[in-house]
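What follows is a single structure, written as structure tokens, with notes after it.
Please treat every number below as a calculation from the coordinates, not as lab data. The model shown is predicted, which means the values in this text are computed figures rather than measured ones. Cβ sites come from the backbone with ideal geometry, for glycine too, and all protein chains shown count toward neighbours.
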Amino acid sequence: MQGLIPIVVQVSLILLVASVGLQARWQDLTSVLARPGLLARGVIAVNVVVPVVAFLMVWMMPMEPIIKIGIFVMAVSPMAPFLPGKMLKTGADTSYVVGLYGAIILLAVFLVPATVAIASEISGRMASVPFGDLAKMIVQSVLLPLAAGLVINTLAPNFAQRAGPVVNISAMLVLLPIVVLILVKTGSGIVALIGDGSLLAIFVTLAAGLAAGHWLGGPARQNRTALALAAVTRHPGIAVLILKHNYDDRRAVLAVILFLLASLVASSIYQAWAKRQPGVGSDRTSDAAGSGETR
């Protein structure tokens with residue numbers, strides 16, 4: 001049973017990505033390239049602001065070094081598999097969501113190792129990212145299932161549109177009980193981290209990410225909300241991959257889990273706030289026009 005759980009989690013995450021492809025088109029994947037301003041601001045919010053703020057926070061806080069490493073590694077690991085679904089629920093255009101997700105997850109193959117190398121040089125704590133393993137993970141868990149969904153949508157669009165939400169919900173129903181089980185098993189260890197400044201460092205990092213995404217998302221409010229969520233929703237799989245390559249300490253993984261939980265809370269608070277802002281619910285036409293201004 002213990003060995004089955006990681007397989008079930010991996011399959012569920014793959015299905016989440018595939019469900020996005022089922023509801024997208026091939027041109028969505030490359031659409032963000034026609035809007036380099038949006039892509040550049042997305043990279044800044046996701047790959048620059050969050051890692052930099054996290055690095056400064058863990059440097060200043062009196063935490064154990066391994067906890068600092070866990071928080072920082074999570075901060076440099078972008079775009080969790082369940083992110084596109086969250087971004088689409090904001091009302092953001094599919095082309096923006098799929099294009100931004102695809103571009104940044106591809107760039108992660110190069111930006112994550114570069115960021116870790118720079119941080120290692122500055123801090124004096126040497127760490128590295130297994131480039132081959134990272135690329136393999138992204139191809140297998142993101143690019144292939146996304147492409148599979150797009151192929152099905154091309155060949156059978158009506159079926160794909162109906163199947164997409166079903167696949168998404170099914171994957172979440174399988175994944176959620178496992179997440180609860182993991183939290184129950186690691187709960188005491190996570191609670192032990194709260195009093196050492198870890199939670200404060202994480203929430204300041206998340207607040208900076210939300211603010212950067214909201215500000216840099218452009219005039220279309222759905223894009224602002226989507227980019228804010230993208231900035232704070234990090235990829236625990238990438239983080240654990242880096243940690244296992246460099247360190248063998250359970251506390252670093254607990255810091256990753258704490259970061260993930262805090263990001264879910266911060267995202268929920270931000271989304272509740274965003275929904276109360278004036279003008280929420282207007283049509284996509286204004287969003288498309290706003291996106292066009294950034295080309």
Distance between modelled label sites at L176 and F159, nm, 7 Å Cα→Cβ extension:
2.8
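Can you sort H245, H235, H214 from fewest to most other Cβ atoms within 10 Å of each residue's own Cβ? Write down the numbers at each step before the final one.
Numbers: H245 13, H235 27, H214 20.
Ranked by crowding around the Cβ, least crowded first: H245, H214, H235.
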With the dipole of the range 183-264 defined by +1 on each Lys or Arg Cβ and -1 on each Asp or Glu Cβ, the option from G195, G218, I238 whose Cα lies farthest towards the positive pole is G218
Net charge of neighbours whose Cβ lies under 15 Å from the Cβ of G187, counting Lys and Arg as +1 and Asp and Glu as -1:
+3
Between the range 143-169 and the range 1-79, the alpha-carbon center distance in angstrom:
22
Springs between alpha-carbon atoms under 10 Å, Gaussian network over the chain: tell me which of L176, L210, L227 tops the mean-square fluctuations.
L176
Along its principal axes, what span do the Cα atoms of the range 39-110 show, with the longest given first and each in whole Å?
43, 22, 18
Could you work out the Rg to Rh ratio of the range 1-55, with Rh taken as the Kirkwood radius (inverse of the mean 1/r over all Cα pairs)?
1.17
Å³ per residue of the Cα convex hull, for the chain?
128
In whole Hz, with x marking every Gly and Pro, tabulate ³J(HN,Hα) for the range 173-181 from phi via Karplus 6.51 cos²θ - 1.76 cosθ + 1.60, θ = phi - 60°.
5, 6, 6, 4, x, 5, 4, 4, 4
What is the spin-label model distance, in nm, from S128 to A34 if the labels are put 7 Å beyond Cα along the C-beta direction?
4.2
Residue among I169, I44, I257 with the largest mean-square fluctuation in a Gaussian network model of the chain, springs linking Cα atoms under 10 Å
I169
Roughly how tilted is helix 94-123, in degrees to the nearest 10 and between 0 and 90, from the longest Cα axis of the chain?
20
Translational D (Stokes-Einstein, µm²/s) of the range 24-73 at 4 °C and 1.567 mPa s when Rh comes from the Kirkwood sum over C-alpha pairs?
99
Connecting C-alpha atoms closer than 10 Å in a GNM of the chain, tell me which of A211, A156, A103 has the biggest fluctuation.
A156
Inter-site label distance for F203 and L261 at 7 Å from Cα along Cβ, in nm:
1.4
With respect to the cross-link table entries K68/K185; K136/K244; K89/K244; K185/K244; K89/K136; K86/K136, which display a Cα-Cα separation exceeding 26 Å?
K89/K244; K89/K136
Nearest 10 degrees is fine. How inclined is helix 50-60 to the longest principal axis of the chain, computing both from alpha carbons?
20
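Counting pairs of alpha carbon atoms under 8 Å apart in space and at least six apart in sequence, what relative contact order in percent does the chain give?
Values: 421 pairs, mean separation 101.6, N = 295.
Result for the chain is 34 percent.
Roughly what % of Cα-Cα distances in the range 92-137 sit above 15 Å, to the whole percent? Before the final figure, lay out each step's value.
Numbers: 563 of 1035 pairs.
Counting pairs separated by more than 15 Å, the tail of P(r) holds 54 percent.
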Compute the Cα gyration tensor for the range 216-256, then decide on rounded, prolate or oblate, letting a ≥ b ≥ c be the square roots of its eigenvalues: rounded whenever a/c is under 1.5, prolate when a/b is larger than b/c in the other cases, and oblate in all that remain.
prolate
Tell me, what is a quarter of the convex hull surface for the C-alpha atoms of the range 1-150, in nm² with one decimal?
10.3
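Work out the FRET efficiency for V166 and Q27 from their Cβ-Cβ distance, taking R0 = 22 Å, and round it to the nearest 0.05. Kindly include the intermediate steps, with their values, before the conclusion.
On the way: r = 24 Å, r/R0 = 1.10.
Rounded to the nearest 0.05, the efficiency is 0.35.
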